[in-house]
Amino acid sequence: MALDSLTLYKLIILYMLNKVDFPLTNSQVSEFFLEKGYTDYFTLQRALAGLLESGFISLENIRNTSYYHITPEGCDTLSFFGNKISTAIIDDVDIFLIENKYELRNEVGTVADYYKSTNQDYVVHCQVKEGKSTLIELNLSVPTKEQASYMCVNWKDASQEIYSHIMKSLMK
């Protein structure tokens, strides 16, 4: 039985999410599909929406970034139908993940968001994760939304230095 294209794209997405121990962003999944020329952006978004609707993946939105996780139902589906993905495609995915693993993990492991607190200031929530472990988590209160937004933008670049400084200070 021939596999239709949209179903194949869904299986590839499930395979990608199953191969990593961290979520992938919409842009990371898109990068693979568009770089390899498998499909266009809109068809890929349709495949992601279908997987979400079916409960095979879950979505977490932080600021303007969508993070996708495979669900247990998605793992089950992949175990039943994963053999429908050609070895050439599996090789492409595996190579992409190996070549980009550090960048992919670093991008999704360093997150920052903010929210308005009950006393009308803003709390900036910064985190660095490695796999399912949290290496550092900071909550900082600032008076303006602009400051909160600025801190979120700078967290990715500053997090390693901040983490290092805190570790050195606490280990004296």
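Data for the structure
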quantity	calculated
Selected from GLN127, ILE89, LEU24, residue furthest toward positive end of dipole (the chain; charges at beta carbon)	GLN127
Number of Lys pairs (Cα under 15 Å; 8 or more positions apart or on different chains) in the chain	7
Simple Cβ-charge dipole of the chain, Lys/Arg +1 and Asp/Glu -1, about Cα centre, in debye nearest 20	400 debye
Global geometry of the range 1-85, whether rounded, prolate or oblate, following the gyration tensor of its Cα atoms and the 1.5 cut on a/c	oblate
Rounded tilt (10° steps) of 26-36 against the dominant C-alpha axis of the chain	40 degrees
Nearest-ten-degree value, helix 145-170 long axis tilted from longest Cα axis of the chain	80 degrees
Ranked by how many other beta carbons lie within 10 Å on average, peptides 40-50, 22-32, 135-145 from highest	22-32, 40-50, 135-145
Alpha carbon Rg of the chain, scaled by the compact-globule rule 2.2 N^0.38 Å	1.21
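Taken together, the values in this text are just the output of simple stated rules run on the coordinates, not laboratory data. Worth saying up front: this structure is predicted, and the values here are computed from it rather than measured. Cβ atoms come from the backbone with ideal geometry, glycine included; neighbour counts cover every protein chain shown.
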